[in-house]
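Read the structure below first, then the notes.
Where a number appears in this text, it was derived from the coordinates with a stated rule and is not lab data. The structure presented is a predicted model; accordingly, all values stated were derived computationally and were not measured. All Cβ positions, glycine included, derive from the backbone under ideal geometry; neighbour counts span all protein chains shown.
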Amino acid sequence: MNALQAAWARLPRDARDSLFLLGVIAAVLAPHAGHLPPWASGLTALLLLWRGQIAWRQRPLPGRGWLLAIAAAYGVMTWLSYRTLIGREAGITLLVVLMALKTLELRARRDAFVVFFLGFFLVLTQFLYSQSLLTAAWSLGCLWGLLAAVVLAQMPSTEVQGVPSIAIAARRAAGTTALGLPVMVLLFLLFPRIAPLWGVPTEAIGRTGLSDQMAFGAMSEIANDDGIAMRLRFDGAVPPPDQRYFRGPVLTRFDGRTWRAPDPGLGQRWLRGHDDLAARGPALHYEMTLEPLRIPVLPLLEMSPGPAGSQLHLPELTLTRGPELQWLSPRPITERLRLRSSAFAAWQAGAQRPPLRQAPELQLPPGNPRSIGWARALAAQPRFAALPPGPRAEALAEALLAHVRGNDFLYTLSPGRYGEATPHLIDEFWLDRRLGFCEHFAAAFVVLMRAMDVPARVVTGFQGWDAEPQDGYLVVRNANAHAWAEYWVAGKGWLRSDPTAAVAPQRVSQGLALQPQPGAYNVLGQLNPTLWRALRGGWETLNNRWQQLVLNYSRHDQFDLLKRLGVAHPDWAALGQALAGVILALAAAGVAWTRWSSRPHDAWSRQRARILALLAGGTGADLPAHESPAAWARALRRRLGGPAEPAAQWLEALERSRYAADAPAPAWRDLRRALRRLG
């Protein structure tokens, strides 16, 4: 370490400043590495390392031919990756390599400033991918580093002070950043929120989470993601555990391996029709902050009011009630949503369905002869055969749940892979292995109910939330993802049945999230679960504050702020006037600061300016401000002779008082008297 420090100290200023700038650039480009193609990140890192080696060893920069060849190759590879050179991904990829290439031609101050401004722009582009608290903190640090590099480039080397210090430049940059923060806060509070500039990041694309299809084993992937899916805050009491179901995609088509949403074709939509919905009892009112999803379905608490085909208007988008009573968005929900909604614990949907509309929920997948035969044998028993259709369906559902409770079924997230020894997955689960989690039990329940001529379907979404609130909000995680069943009863409509509650009651009664298998990614959680939960909860509370106060700050909050400031009827015009007033006030403050800073502020400077003003008015002499009072006295004697002697003696007395501890300071009235005699 000492040898490295000594080598660093021996570096010339250009090499040291270049290495510091390369470190800042690496920090600016680091967040983009996860969004660039691997070859782009690797090539950019090689270019920065190459430039660092040139600076460390003080070698000459490469010629323009090399740079042009690298830029051309990079452009071709970008085209092959994106099939375009225009757009967000391709544009940022090209900007990143331009930044790296520009460091290889830092020959003049102009080149350095190009690098600085490219760096500032790339800091801004980080928010196109994420607006999280970590991204904001990292961007602020990058901004500080770039400002320090700019200040360092402006600091001259002197014989007395030598090479300027990076630490001094960093302190000055920190001061500049601190001065700009109040301006940033004011602009944040008042700058109009104009869609779609807000909510651009698509953080959720490619993440685990709910999907519009479900294959055996898919939920085990969600178990590894304990990220937050939504936060809730109820106006009153929270619903009991058996009512904490958030309705997501409804799946009706099963090919023996994968469940999928209903066919969106026009004929199928006509066949499915729309179920009526009747809600009863008191409503539960709540506030929800939903994290980005990768599906066009808004998972609201069952059952939110509104019949099928109705619309829910949010500031960001308009939702439509689907035939299966889920709320559908015209596009995947890729931005964070904050909304208020309500739900009814008692509801009835689809009480009357003609036989033709029951057909999609009665279709059986190919195969599974043993389990289908088992179900038909159960339905043929005299205790069920004699019942009317409605009570018969409820009795058959209860019989399936009793079978789960009374046999050696096991709820586990590691049941092993199904379908390797046989293509009949339901047979393998229900009659052979009997190991699985919510999707296995829900899928088998629906297939068996259909085999007994009872319409049924799979519903996916979330169930339950963390036991302890965070910052006043109930936290629903991706690991709270769940699958349950619905079956249809004549006169009653669709009834929820959760087979998971029969084999693992605590999963529903306590709303426990799926627990992933131990892995190296969560060593602390395995060694000290209590500490891990405390640290995670603290971070998520802080992140929630950031989301609620910053990311969810909307035009409605701006209007509320104007109301608190005394604006009776806030609108866009009032907001613009407030913003213009702030800009004018900042401009006036800048002018006042400039004028104030141009004037002398220490005691001697003020005294000197006063003396020179008096001498200029009384004698007409324009004396140099940098000379001493004794020099001014000699200049007065040369110019005015004997009449200037009293004023010259006053100046010499002032000189003595400045450097002699026992010399008294002359009185100002004596100088004014001497100057009046000259006049």
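Projecting the Cα positions of Val508, Ile25, Pro391 onto the charge dipole of the chain (unit charges on Cβ atoms of Lys, Arg, Asp and Glu, taken about the Cα centre) puts Ile25 furthest along the positive direction. Remark: the Thr541-Arg658 segment gains 36.0 nm on full extension, using 0.36 nm per residue and subtracting the alpha carbon distance.
Scalar couplings 3J(HN,Hα) for region 137-142, obtained by applying the Karplus form with A = 6.51, B = -1.76, C = 1.60 to θ = phi - 60°, are 5, 5, 5, 5, x, 5 Hz; x denotes Gly and Pro.
Listed values [x] 77, 67, 51; [y] 77, 64, 55; [z] 138, 65, 49 include one computed from this model; for Cα extents along the principal axes in Å that value carries the label [z].
Electrostatic bookkeeping for Asp408 treats Lys and Arg as +1 and Asp and Glu as -1; over the other residues with beta carbon under 13 Å from its beta carbon, the sum is +2. Within the shell defined by Cβ-Cβ distances under 14 Å, the residues around Arg669 carry a net charge of +4, with Lys and Arg each +1 and Asp and Glu each -1. Going 7 Å from the Cα of Ser628 toward and past its Cβ, which residues in region 650-669 have a backbone nitrogen under 13 Å from where you end up? Within reach of a label on Ser628, which here means backbone N under 13 Å from a point 7 Å along Cα→Cβ, region 650-669 contributes 652-660.
From the Cα gyration tensor of region 53-143, with a ≥ b ≥ c the square roots of its eigenvalues, which class applies: rounded if a/c is under 1.5, or else prolate if a/b is larger than b/c, or else oblate? Present the calculation step by step, with values, prior to reporting the outcome.
Values: a/c = 2.48, a/b = 1.22, b/c = 2.03.
Note, shape of region 53-143 comes out oblate.
Estimated from helices alone, the mean residue ellipticity of the chain at 222 nm is -15500 deg cm²/dmol (sum of -39500 (n - 2.57) over DSSP H runs with n ≥ 4, per residue).
With N residues in region 614-679, what two-decimal value do you get for its Cα radius of gyration over 2.2 N^0.38 Å? Present the calculation step by step, with values, prior to reporting the outcome.
Details: Rg = 11.3 Å, N = 66, 2.2 N^0.38 = 10.8 Å.
Here the answer is 1.05, to two decimals.
Each Lys and Arg adds +1 at its Cβ and each Asp and Glu adds -1 at its Cβ; summed about the Cα centre, the chain shows a dipole of about 2700 debye. Under the rule a/c < 1.5 gives rounded, and otherwise a/b versus b/c splits prolate from oblate, where does region 1-83 land using the Cα gyration tensor? The shape class here is oblate.
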